[in-house]
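Novice: This is the structure, below, for whatever I ask next.
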Amino acid sequence: MSIADNLTRVRAELAEAARAAGRDPDSVTLVAVSKTWPASDVAEALAAGQRVFGENKVQEMLAKIPEAPAGLEWHLIGHLQSNKVRKVLPVCALIHSVDSLGLARDLSRVAGELGLIARVLLQVNVASDEAKFGFPVGVVKAAFAEILTLPHLEVRGLMTVPPFDEDLERVRPQFAALRRLREELENDHGVSLPELSMGMSHDCRIAIEEGATMVRVGSAIFGRRDYGAA
Ligand SMILES: *Cc1c(COP(=O)(O)O)cnc(C)c1O
């Protein structure tokens, strides 16, 4: 199967999941996760109509962007260290992975220095999984008022990466919990958080059922990653 064929199939599956959940298929943005794949694969996906791409490693993203066609929308979906903020902000349309108050402060400060607005999602560790990045739920609730005061930061919503589980019905409550947290923060602070970034290749269908507005799909588009080969 080619990247174009895979994209056609994935888009049809996402649209079908949205309609089955009574949602408009256009309310779900497909972020094509191109990590480990070369810029030529990004160009192939662009030729098949895909414009939004996600990378989880800063170095890889910064190397790939100049090699890829211009005019694409790049999202950072992996951990960001404060010392890389200055390089990432000018090239990244959305950072899904803001996981601490310190990082939020640094993003706002550097965005101000660069004359930019940092558009971000707050990554939440819904399952309190030790191995994953993300704000614990209680911490994000406590930090949210201050985050809203940061002048050059625009919080667009929330993101989560549940621990891998073949049993999707054990993943579903974590997606539902992220949606409820979004509602709670919106109600408590009188703000709108339009984006919920949740769902990957194997669980994007239930993420859409639970309200995802962005799904981050890699292997179902580009193929199975081989981390050992490089
Ligand atoms: C790699 C990655 C994805 C995509 O995973 P697939 O299983 O290949 O679809 C999504 N989100 C994050 C944060 C990732 O690192």
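Novice: Could you tell me which of rounded, prolate or oblate describes segment 58-194, using a ≥ b ≥ c as the square roots of the eigenvalues of the alpha-carbon gyration tensor, with rounded for a/c under 1.5 and, failing that, prolate when a/b is larger than b/c and oblate otherwise?
Specialist: It comes out oblate by the Cα gyration axes.
Novice: Hey, got the dipole for the chain? About the Cα centre, +1 on K and R Cβ, -1 on D and E Cβ, debye to the nearest 20?
Specialist: So the dipole magnitude of the chain works out to roughly 440 debye.
Novice: If you don't mind, another one. Mind giving me the FRET efficiency for residue 81 and residue 128? R0 is 22 Å, r the Cβ-Cβ distance, nearest 0.05 is fine.
Specialist: 0.45
Novice: Another one. How large is log10 of I(q)/I(0) for segment 9-85 at q = 0.17 Å⁻¹ when the intensity is taken from the Debye formula with one equal scatterer per alpha-carbon?
Specialist: The computed values of log10 I(q)/I(0) come out as -0.71.
Novice: For segment 3-219, what does the accessible surface come to per residue with a 1.4 Å probe? Please give it in Å².
Specialist: 44 Å²
Novice: With n ≥ 4 as the cut-off for DSSP H runs, can you work out [θ] at 222 nm for the chain, using -39500 (n - 2.57) per run divided by the number of residues, rounded to the nearest 500?
Specialist: Value at 222 nm, helices only, nearest 500: -13000 deg cm²/dmol.
Novice: Mind jotting down the distance between the C-alpha centroids of segment 1-54 and segment 116-180, whole Å?
Specialist: Cα centroid of segment 116-180 versus Cα centroid of segment 1-54: 23 Å apart.
Novice: For the residue pair residue 187 and residue 26, what label-to-label distance in nm results when each label sits 7 Å from Cα along the Cα-to-beta-carbon direction?
Specialist: 3.0 nm
Novice: Please give the length that would be gained between residue 164 and residue 43 if that part of the chain were fully extended, namely 0.36 nm times their separation in residues minus their C-alpha to C-alpha distance (nm, one decimal).
Specialist: 40.6 nm
Novice: If you don't mind, another one. Please tell me which of these pairs span more than 19 angstrom C-alpha to C-alpha: 57/141; 57/132; 84/141?
Specialist: The pairs that break the limit, which is 19 Å between Cα atoms, are 57/141; 84/141.
Novice: Okay, next question. So what is the orientation-averaged projected area of the chain, using the convex hull of its C-alpha atoms, in nm²?
Specialist: That works out to 12.6 nm², a quarter of the Cα hull's surface.
Novice: Under 5 Å between amide hydrogens, which residues at least 5 positions from residue 98 or on another chain qualify, with H placed 1.01 Å from N in the peptide plane?
Specialist: For residue 98, whose amide H was placed from the backbone, the distant partners under 5 Å are 121, 123.
Novice: Which percent of the accessible area of the chain is formed by carbon and sulfur heavy atoms (probe 1.4 angstrom)?
Specialist: That fraction is 51 percent.
Novice: Still on this structure, I have one more. Enumerate the amide H contacts of residue 118 below 5 Å, restricted to partners 5 or more residues apart or on another chain; note that Pro and chain-start residues carry no placed amide H.
Specialist: 153, 154
Novice: Rounded to whole Å and ordered largest first, report the semi-axes of the equivalent ellipsoid of segment 170-230 derived from its Cα gyration tensor (root of 5λ).
Specialist: Ellipsoid half-lengths, sorted descending, are 29, 12, 9 Å.
The values are calculated or read from the model by the stated rules, or taken from the named source; none is laboratory data. Quantities reported herein were computed from a predicted structural model and do not represent experimental measurements. A quick note on method: Cβ atoms are made from the backbone with ideal geometry, for glycine too, and the neighbour counts reach across all protein chains shown. Heavy atoms of the whole protein, side chains included, go into the accessibility calculation; ligands, DNA and RNA do not. Shrake-Rupley method; radii C 1.70, N 1.55, O 1.52, S 1.80 Å.
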